[in-house]
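Read the structure below first, then the notes.
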Amino acid sequence: MPSLQTDADPALLAAVDAQCFAEPWDAAAYARLCAGPAVQAWLLRGDDDAPAGLLCFQRVADEAELYRIGVLPALRGRGLGRWLLERLLDEAQRGLRQVVLEVRAGNVAAQALYRAAGFAAVGRRAGYYTAPREDAVRYAWTAGADAAAP
């Protein structure tokens with residue numbers, strides 16, 4: 001069964017991040033983000049307790065912004081991304097009104113995951129991503145809202 005480590009070392013988070021994203025964050029970025037009380041970075045550990053992915057978000061008042069969610073390429077397609085997102089929404093059910101995120105317009109699999117979890121597309125940011133340049137689709141999950149159609 002997967003588990004979460006909520007006190008992971010920034011260097012370990014950065015090592016996982018580098019395997020998950022085209023534009024990785026380094027250990028210094030994770031250290032800066034996690035130094036404050038509003039940002040949380042969770043390391044996903046697989047059945048063998050080895051690092052398997054991560055999730056990073058900022059919670060301010062009754063809202064959260066999902067910054068990163070990723071699963072190691074060799075472990076994708078096993079439901080771990082859904083499991084991570086469900087843990088975030090479990091947290092959201094304890095006092096959050098809304099969770100927002102941006103996703104690459106071409107990342108169809110992630111968008112399907114977000115819609116299945118009840119997120120709805122609420123906007124677009126032209127040229128938001130680099131390497132390669134791509135628009136972002138902005139999604140929001142709102143407490144008490146019906147799940148969006150897939």
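Just so it is clear, none of the values below were taken in a lab; they were calculated from the coordinates. Quick caveat: nothing in here was measured; it's all calculated off a predicted structure. Don't worry about glycine lacking a Cβ; one is built from the backbone with ideal geometry, like all the others, and counts go over all protein chains shown.
Odds and ends about this structure:
- Within the range 12-60, tally of residues that are over 18 Å from TRP83 (Cα atoms), under 14 Å from the mean Cα position of the chain (by Cα) and in a strand (DSSP E or B): 3
- Taking the listed residues ALA131, ALA145, ALA126, the one that is in contact with an Asp or Glu (Cβ under 8 Å, 6 or more places away or on another chain), of a type outside the set (S, T, N, Q), farther than 22 Å from TRP42 by Cα and not in a strand (DSSP E or B) is ALA131, with no other qualifying.
- Contacts under 6 angstrom Cβ, first residue in the range 92-115 being among the aromatic types (Phe, Trp, Tyr), partner crowded, with 18+ Cβ neighbours inside 10 Å, 6 or more apart: TYR114/TYR139
- The single condition among (1) acidic (Asp, Glu); (2) surrounded by 17 or more Cβ atoms within 10 Å (Cβ to Cβ); (3) over 20 Å from TYR129 (Cα atoms) that GLU102 does not satisfy is (3).
- Per-region count, the range 15-25, residues buried (at least 20 other Cβ atoms within 10 Å of the Cβ) and either farther than 22 Å from ARG133 by Cα or hydroxyl-bearing (Ser, Thr, Tyr) (or both): 1
- Just one residue in the set GLY70, GLY106, GLY81, GLY118 is at negative phi, touching a strand residue (DSSP E or B) at 6+ places or on another chain (Cβ under 7 Å) and part of a loop (DSSP other than H, G, I, E, B); that residue is GLY106.
- Hits in the range 1-11 (condition: part of a helix (DSSP H, G or I) and either under 14 Å from the mean Cα position of the chain (by Cα) or surrounded by 16 or more Cβ atoms within 10 Å (Cβ to Cβ) (or both)): PRO10
- Within the range 109-119, the set of residues being surrounded by 16 or more Cβ atoms within 10 Å (Cβ to Cβ) and either within 15 Å of GLU86 (Cβ to Cβ) or in contact with a helix residue (DSSP H, G or I) (Cβ under 9 Å, 6 or more places away or on another chain) (or both) comprises ALA110, LEU113, TYR114, ARG115, ALA117, GLY118, PHE119.
- Whichever residue in the range 26-48 is surrounded by 13 or more Cβ atoms within 10 Å (Cβ to Cβ) and touching a residue at least 40 places away in the same chain (Cβ under 8 Å) and, among such residues, is farthest from ILE69 (Cα to Cα): GLY46
- Against the conditions (1) free of Cβ contacts under 8 Å to residues at least 12 places away in the same chain; (2) under 30 Å from GLY127 (Cβ atoms), ARG78 satisfies every one except (2).
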